[in-house]
1. Mind listing just one residue for me: the one in the stretch 186-206 that is acidic (Asp, Glu) and either touching a Gly at 6+ places or on another chain (Cβ under 6 Å) or at pLDDT below 95 (or both) and, of those, nearest to ALA234 (Cα to Cα)?
2. Given ASP82, ASP121, which one is surrounded by 14 or more Cβ atoms within 10 Å (Cβ to Cβ) and closer than 18 Å to GLU220 by Cβ?
3. So, ALA77, is that one of a type in the set (A, V, I, L, M), assigned to a helix (DSSP H, G or I), open to solvent by 40 Å² or more (accessible area, probe 1.4 Å) and closer than 30 Å to SER235 by Cα or not?
4. Which members of the stretch 130-174 meet the condition of being in a loop (DSSP other than H, G, I, E, B), in contact (Cβ under 8 Å) with a residue 12 or more places away in the chain and of a type in the set (A, V, I, L, M)?
5. Among the residues of the stretch 167-188, how many are over 20 Å from ASP134 (Cβ atoms) and either in contact with a Cys (Cβ under 9 Å, 6 or more places away or on another chain) or of a type in the set (D, E, K, R) (or both)?
6. Every residue in the stretch 57-74 that is within 28 Å of GLU125 (Cβ to Cβ) and open to solvent by 60 Å² or more (accessible area, probe 1.4 Å), please.
7. Select, from ALA34, ALA24, the only residue that is touching a helix residue (DSSP H, G or I) at 6+ places or on another chain (Cβ under 6 Å) and either open to solvent by less than 80 Å² (accessible area, probe 1.4 Å) or at pLDDT 95 or above (or both).
8. Can you tell me which residue in the stretch 88-118 is surrounded by the fewest Cβ atoms within 10 Å (Cβ to Cβ), limited to those that are aliphatic (A, V, I, L, M) and in a loop (DSSP other than H, G, I, E, B)?
Amino acid sequence: MAADRLFVNATFHTLDARNSVVHALAVEGDRIVAAGSLDAMRARFGRTARQLDLGGRVVLPGIVDAHSHLTMVGEHALYSADVNSPPIGEVQTIDDIIEVLREHAGRPGCGAWIQGHGYDDTLLEEGRHPTSADLDLVARDRPVVITHISGHFLAANSLALAQAGIDRATEDPVGGVIRRNPDGSPDGVLEEHAMLAGLRLLPRRSEEERLRAIEHGAREYLRLGITTAQDGNASLTNLADYDAAWAAGR
């Protein structure tokens, strides 16, 4: 068995049944052909394989993400404002959210709808969800929607609520809650199935925009060592897009 590269000077955690740890790894093309002690691997492959010094790093097998949303990762990065709190993002107050959304709204390609993702009411200094009154400070003439880090809440400004047909007289849908002010008017926070009224209105991405999102998400996963991922909410359109992205080498 031949090898064209020999990776050395690293600690390789194989995660095999015995949790073996080795210090050299032989590769031929795109396949690992052997792993073992440095002396054994050099004796076996050292004459023909190019040796690559990894500088004492730790090497792990590719990470398998058993529940993820690859397309959504790309769409968030390319088309939505990041309103996560530390340690993921930098947002600490509702005023921070407003500032980030205003900046995003002025970027080319933002579109008519101003979108954000990742806010966490439990990490904001105010300890509450942003309301339509808060998001109206971002824009009154453009719909604004931001999704909670859990994916189970959505906050919308007044225009987004109006375009979704949600007002004081709107009843809670089955499996959802429209949060309300003391006077019964919606306060902008939608829970679970109540979110669908707003999400259905979001602009449809073109095929090229969707493929760009898949490519971006895949590159980000690979950068972080994730080599196998799932899409936990794939539609038939998503499946067709994955096929198209694969066929195009993206």
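The values are calculated or read from the model by the stated rules, or taken from the named source; none is laboratory data. Predicted model, so just to flag it, every value in this text is computed and none were measured. Don't worry about glycine lacking a Cβ; one is built from the backbone with ideal geometry, like all the others, and counts go over all protein chains shown. When the accessible area is computed, the model is the full protein with side chains, heavy atoms only, and any ligands, DNA or RNA have been set aside. Shrake-Rupley method; radii C 1.70, N 1.55, O 1.52, S 1.80 Å.
1. GLU192
2. Step by step, each of ASP82, ASP121 is checked, and only ASP82 is surrounded by 14 or more Cβ atoms within 10 Å (Cβ to Cβ) and closer than 18 Å to GLU220 by Cβ.
3. yes
4. LEU137, VAL138, ALA139, ILE149, ALA164, ILE166, VAL174
5. The total comes to 2.
6. Passing the criteria: only MET72.
7. Residue meeting the stated conditions: ALA24.
8. Selected residue: ALA112.
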